[in-house]
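Visitor: Mind having a look at this structure? Questions to follow.
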């Protein structure tokens with residue numbers, strides 16, 4: 001990491017009809033374009049990108065160039081994330097200079113935008129590493145509520161859901177924090193979120209003016225029959241990812257595992273069990289006992305198919321559906 005100082009950009013949202021915020025595009029240019037089209041981004045909107053816009057995905061350089069061009073618009077603002085901090089060999093000098101010109105914090109009349117999180121102290125006294133890399137910020141922050149709404153990306157919202165997997169934005173009124181990273185690229189069932197705020201010069205921004213939409217890569221179908229569903233008791237997230245394998249499935253698709261942190265036992269796909277460098281088993285994606293409630297004809301996104309069930313998403317919520 002470098003010894004760069006915190007750069008803060010002040011902007012005004014006055015005169016615009018909507019604020020649209022997107023984080024962690026991770027080089028998925030086609031998804032990003034689909035999202036902008038889906039939410040009808042136009043000149044009346046102000047768009048803020050919360051960092052990590054080009055690395056990890058399938059269209060890294062194309063996404064970088066697109067965002068560079070997009071930022072030429074007077075209503076588009078981009079800040080840097082942890083993946084935008086260190087220089088990459090494939091960036092030329094002009095691209096790197098442009099990247100270095102981006103701020104780490106953006107502040108408007110009603111919002112503060114940062115990639116990962118802020119400490120409970122003035123903006124110009126923030127620690128750069130904390131701003132870019134703090135994990136599980138919503139859970140670990142114990143300072144006073146922010147005076148302005150603080151919007152962050154970096155940590156997929158699914159990693160903050162310990163019972164029912166859900167990739168939609170999280171709004172915490174108590175702390176005045178909004179988490180918008182839908183786990184695009186990072187989570188196998190992730191999505192790219194757009195968080196939107198209706199703007200009104202006459203009134204203070206309030207929660208009833210918040211909304212969101214999303215796109216993902218999964219094929220959409222309709223449920224052939226309904227199921228009552230069963231609310232999950234466990235969604236294994238990154239911070240508590242270690243498991244013990246009780247039954248390996250004997251060549252089948254699923255294993256019975258015990259979650260080390262909670263002691264709960266669930267089935268999970270064998271293909272989604274990983275091992276770290278120390279030989280410890282990790283429950284990665286689809287590590288949940290949540291069964292989606294669906295009605296016949298409901299629109300669902302099919303993430304993965306197995307012999308007797310699918311892993312699917314409905315309105316950002318993920319879980320199992322029986323055939």
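The values are calculated or read from the model by the stated rules, or taken from the named source; none is laboratory data. Predicted model only: the values in this text are computed from it and were never measured. When we count neighbours, we look across all protein chains shown, and the Cβ atoms used for this are built from the backbone with ideal geometry, even at glycine.
Visitor: Which of the strands (runs of 3 or more DSSP E) found entirely inside the stretch 207-296 contain at least 1 residues meeting this: within 30 Å of residue 33 (Cα to Cα) and in the same structural domain as residue 188 (by TED's automatic domain parsing)?
Guide: Here the list reads 210-215.
Visitor: Could you check the stretch 207-225 and list, in sequence order, the residues that are surrounded by 13 or more Cβ atoms within 10 Å (Cβ to Cβ) and farther than 23 Å from residue 319 by Cβ?
Guide: Result: 209, 210, 211.
Visitor: Here is a list: 79, 55, 29. Which entry is out of contact with any helix residue (DSSP H, G or I) (no Cβ under 7 Å at 6 or more places or on another chain) and either assigned by TED's automatic domain parsing to the domain that holds residue 190 or under 23 Å from residue 117 (Cα atoms) (or both)?
Guide: Criteria check complete, one pass: 79.
Visitor: Would it be correct to say that residue 310 is touching a residue at least 24 places away in the same chain (Cβ under 8 Å) and either more than 22 Å from residue 164 (Cβ to Cβ) or assigned to a strand (DSSP E or B) (or both)?
Guide: For residue 310, the condition - touching a residue at least 24 places away in the same chain (Cβ under 8 Å) and either more than 22 Å from residue 164 (Cβ to Cβ) or assigned to a strand (DSSP E or B) (or both) - is not met.
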